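Asker: Here you go, one structure.
The values are calculated or read from the model by the stated rules, or taken from the named source; none is laboratory data. Given the structure is predicted, the values throughout are model-derived calculations rather than measurements. When we count neighbours, we look across all protein chains shown, and the Cβ atoms used for this are built from the backbone with ideal geometry, even at glycine.
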Amino acid sequence: MNRRKFIQQSGATAAFLGIGSLSLQSFNKSTAKHITILHTNDVHSHIEAFPSYDKKYPNMGGFARRATLVNSIRQENPNTLLLDAGDIFQGTPYFNFYGGELEFKLMSLLKYDAATIGNHDFDNSIEGLYKQLPHASFDFLSANYDFKNTILDTHIKPYKVFVKDGIRIGVFGLGIELEGLVNNKMYKETKYNDPVTIAQDMSHILNEEEKCDLVICLSHLGYHYKTNTNKISDLKLASLTKGIDLIIGGHTHTFLKKPTVTKNVNGKNMLVNQVGWAGINLGRIDFYFDNEEVGASGTTIIV
């Protein structure tokens, strides 16, 4: 399947993509296979919606409202994945009191499919993260953190393949360098490996060995760094790699109204998205597979 020849067609709050001159609207919806990707990042223990008197985000966010949205979209399209790009922990008294238990239980009730690990997910130490894993019914994915000499060894997967309506979707995770960002007592002997090298390894495995039709990177590297152009970010990762269709990012709390269409190392278009922080937004990207052609549309939904 020739899946990489994406071009942007139009869109104010959505990015419309297709192969060649094909537009999303030209797909035969009765024959195309429709995959929906929903995603969050940097929720930071925001269980409840912001209060009505909040100056920036009045009455926005909250797990209950997100659950209503997610359930509605799943009824519309059962072939849906729900993913998170890290920093689930830290930010409200719920984390201070429950240590992450409540966050994982609620994400499990929402039936998240996978998440990656952010730097703040080590705030109760690697032992604290490990302690809460039994409350998560979803998998944690991180390909560039080597946990071999830690308590998390064998508990974190580099990638996972999901099959929806016959479409194989490969998802892998990448984490930010923890040194200088997190006290090393918190992550112990966790080893950070170069995300560009690891991303290429993962895309090769998922494309060539796992025969995936769609490859997604769950990243906690940050969207873009203006003052430090050498620091690896999602946009930089995209420009240095190939074989990835979508990067779902976190860490920089970047609010995007629609996915960014950018070029990979081979000059082919791909998508990068991030939806701010605190569960204020829910990202949605729809992929349509019609024979050997693929179209995609993406938008950000205010919760």
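Asker: If I filter segment 75-91 down to residues being of a type outside the set (A, V, I, L, M) and within 22 Å of GLY249 (Cα to Cα), which single residue comes out as nearest to the chain's Cα centre (by Cα)?
Answerer: ASP84
Yes/no matrix, rows are residues, columns are (1) part of a helix (DSSP H, G or I); (2) surrounded by 17 or more Cβ atoms within 10 Å (Cβ to Cβ); (3) in contact with a Cys (Cβ under 7 Å, 6 or more places away or on another chain):
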{"site": "GLU103", "(1), (2), (3)": "yes, yes, no"}
{"site": "ASP121", "(1), (2), (3)": "yes, yes, no"}
{"site": "GLU127", "(1), (2), (3)": "yes, no, no"}
{"site": "HIS155", "(1), (2), (3)": "no, no, no"}
{"site": "GLY170", "(1), (2), (3)": "no, yes, yes"}
{"site": "LEU174", "(1), (2), (3)": "no, yes, yes"}
{"site": "THR197", "(1), (2), (3)": "yes, no, no"}
{"site": "SER203", "(1), (2), (3)": "yes, yes, no"}
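Asker: Starting from residues that are hydrophobic (A, V, I, L, M, F, W, C) and not in a strand (DSSP E or B), keep the ones in segment 109-119 and report whichever is nearest to TYR223 (Cα to Cα).
Answerer: Only one residue fits best here, namely ILE117.
Asker: Determine the pairs where a residue that is surrounded by 12 or more Cβ atoms within 10 Å (Cβ to Cβ), located within segment 62-78, has a partner that is assigned to a helix (DSSP H, G or I) with Cβ atoms under 6 Å apart, the partner being 6 or more residues away or on another chain.
Answerer: PHE63/LEU106
Asker: Also, I was wondering about something else. May I ask you to verify whether SER142 is touching a residue at least 24 places away in the same chain (Cβ under 8 Å), within 18 Å of LEU218 (Cα to Cα) and small (Gly, Ala, Ser)?
Answerer: Yes.
Asker: If you take the residues in segment 176-195 that are surrounded by fewer than 15 Cβ atoms within 10 Å (Cβ to Cβ) and part of a helix (DSSP H, G or I), which one is farthest from the chain's Cα centre (by Cα)?
Answerer: LYS185
Asker: Do you know which residues across segment 250-303 are in a strand (DSSP E or B), more than 14 Å from VAL215 (Cα to Cα) and among the β-branched types (Val, Ile, Thr)?
Answerer: The answer is THR260, VAL261, THR262, VAL275, THR299, THR300, ILE301, ILE302.
Asker: Now a separate question. Looking only at segment 230-282, count every residue that is polar (S, T, N, Q) and at pLDDT below 95 and tell me the total.
Answerer: Total meeting the criteria: 6.
Asker: Across segment 205-238, which residue is surrounded by the most Cβ atoms within 10 Å (Cβ to Cβ) among those that are of a type in the set (A, V, I, L, M) and outside any strand (DSSP E or B)?
Answerer: Among residues in segment 205-238 that are of a type in the set (A, V, I, L, M) and outside any strand (DSSP E or B), the one surrounded by the most Cβ atoms within 10 Å (Cβ to Cβ) is LEU221.
Asker: Could we say that ILE73 is under 28 Å from ASN291 (Cα atoms) and at pLDDT 95 or above here?
Answerer: On the way: under 28 Å from ASN291 (Cα atoms): yes; at pLDDT 95 or above: yes.
Judged against the criteria, ILE73 is a match.
Asker: Which residues, taken from segment 226-248, are polar (S, T, N, Q) and more than 30 Å from LYS211 (Cβ to Cβ)?
Answerer: Pass one, segment 226-248, residues polar (S, T, N, Q): 227-230, 233, 239, 241.
Within segment 226-248, THR227, ASN228, THR229, ASN230 meet the criteria.
For (1) within 30 Å of ALA67 (Cα to Cα); (2) touching a Phe, Trp or Tyr at 6+ places or on another chain (Cβ under 7 Å); (3) basic (Lys, Arg); (4) in contact (Cβ under 8 Å) with a residue 24 or more places away in the chain, each residue gets a yes or a no:
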position: GLN200; (1), (2), (3), (4): no, no, no, yes
position: ASP213; (1), (2), (3), (4): yes, yes, no, yes
position: ILE216; (1), (2), (3), (4): yes, no, no, yes
position: LYS231; (1), (2), (3), (4): no, yes, yes, no
position: GLY243; (1), (2), (3), (4): no, no, no, yes
position: LEU256; (1), (2), (3), (4): yes, no, no, yes
position: PRO259; (1), (2), (3), (4): yes, no, no, yes
position: GLU293; (1), (2), (3), (4): no, no, no, yes
position: VAL303; (1), (2), (3), (4): yes, no, no, yes
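Asker: Restricting to segment 241-287, and then to whatever is crowded, with 21+ Cβ neighbours inside 10 Å and aromatic (Phe, Trp, Tyr), can you tell me which residue is nearest to GLY170 (Cα to Cα)?
Answerer: The residue in question is PHE287.
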